[in-house]
Amino acid sequence: MQTILFCRFSYPAEGGFQVDHDSIEERRAYLYDPARMEARLALFEHFCLPGLKAQTEPDFDLVVLVGTCLPDRYLARLQTLLGDLPQARIIARDPAPHRQVCQSVLNAARKHINQPCLQVRHDDDDALAVDFVARLHKAVADCAALVLGHKLVGFDWNRGHTLRRSDINRFEIAETVTPYLGVAQAMAVQGGVRQSQMNFAHSRINRFMPTVSFTDPPMFLRAQHAHNDSRQKPNVSHPDFHAPTLENIEMLGRRFALTADAVELAFSPAASTAPRATG
């Protein structure tokens, strides 16, 4: 079954952001601000991509959606970063309504629209465990009767960690156990069904389809920084951060193909704009 990982890289959609803008021009200016772009590229290179490149099951497609207006210098750097990941394709689209364009890109990425597929939403500042694709395939096989009996079935891994930059420690880390967070989340889509994973709010998929949840082991990392779209609204969570232990460092390498140095590099360009942890 085809597995499609879908990633929006600073795509200037109409809607789809917690941060509101009065025009597409204003949204472009926000997204393509040089400081923001340096931060996003560093997170993508050093935080997001290592786990994707180290997947134990390489049978997946990575579709990266960008705007046709993405400045050439950033597009070239993105192409370079993805050059050694043969599963990756960059798709450029004009600004359009968020859910509509995402659905269109995902359906266009399906090799056979009348065959079932798996879809995974993945942000450019998140990381997936190196065995995520393998575990997804096993979960779908284990739930074969459920998948065959429904147009859409959600799969959600709810245990992971959030990381942020620190001036005191190399970085700080906190364990996260949150259902339907939108990271390490997938959807089985039956053949001929044109609804996509991006047609649904990640936190509400259980209202529209059966879902299966898994709690062990840690399957995702989230980066907390100044440009998190999900942190621009009130009542956001505040994880219990602490300095990484030796066990945390070992876990990052084993589960996510990350070193402590890579995590520091991921956060370093945002130093002038990111909120700093002081204790």
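As a summary of the residue check, Ala29 satisfies the conditions (1) surrounded by 15 or more Cβ atoms within 10 Å (Cβ to Cβ); (2) modelled with pLDDT under 95; (3) out of contact with any helix residue (DSSP H, G or I) (no Cβ under 9 Å at 6 or more places or on another chain) except for the one numbered (1).
Only a single item in (1) crowded, with 18+ Cβ neighbours inside 10 Å; (2) touching a Ser or Thr at 6+ places or on another chain (Cβ under 8 Å) is not met by Leu128, and it is number (2). Against the list (1) farther than 16 Å from Ile90 by Cα; (2) surrounded by fewer than 21 Cβ atoms within 10 Å (Cβ to Cβ); (3) modelled with pLDDT of 95 or more, the condition Glu45 fails is (1).
Which numbered condition in (1) part of a loop (DSSP other than H, G, I, E, B); (2) over 30 Å from Ser268 (Cβ atoms); (3) not charged (D, E, K, R) is the only one that Val147 fails? Status for Val147: all satisfied but (1). For the range 207-220, the count of residues that are modelled with pLDDT of 95 or more, in a strand (DSSP E or B), of a type in the set (Lys, Arg) and under 19 Å from Trp157 (Cα atoms) is zero. With a requirement of 3 or more residues that are aliphatic (A, V, I, L, M), the helices (runs of 4 or more DSSP H) lying completely within the range 34-84 that satisfy it span 34-43, 72-81. The residue that is modelled with the lowest pLDDT, counting only those in the range 232-252 that are within 21 Å of the chain's Cα centre (by Cα) and surrounded by fewer than 14 Cβ atoms within 10 Å (Cβ to Cβ), is Gln232.
Considering each residue of the range 104-123 in turn, at least one proves to be of a type outside the set (A, V, I, L, M, F, W, C), within 18 Å of Met37 (Cβ to Cβ) and either touching a Leu at 6+ places or on another chain (Cβ under 6 Å) or touching a residue at least 12 places away in the same chain (Cβ under 8 Å) (or both).
Is it the case, given these coordinates, that Ala108 is under 17 Å from Pro58 (Cα atoms), of a type in the set (A, V, I, L, M, F, W, C) and within 20 Å of the chain's Cα centre (by Cα)? Considered against the rule, which asks whether it is under 17 Å from Pro58 (Cα atoms), of a type in the set (A, V, I, L, M, F, W, C) and within 20 Å of the chain's Cα centre (by Cα), Ala108 comes out as no. Just checking, does the range 150-173 include any residue being surrounded by fewer than 17 Cβ atoms within 10 Å (Cβ to Cβ), of a type outside the set (Gly, Ala, Ser) and over 28 Å from Ile249 (Cα atoms)? Yes, some residue in the range 150-173 is surrounded by fewer than 17 Cβ atoms within 10 Å (Cβ to Cβ), of a type outside the set (Gly, Ala, Ser) and over 28 Å from Ile249 (Cα atoms).
The values are calculated or read from the model by the stated rules, or taken from the named source; none is laboratory data. This structure is a prediction, so every number in the text was calculated from the model and none was measured. FYI the Cβ positions are ideal-geometry reconstructions off the backbone, even for glycines, and counts take in every protein chain you see.
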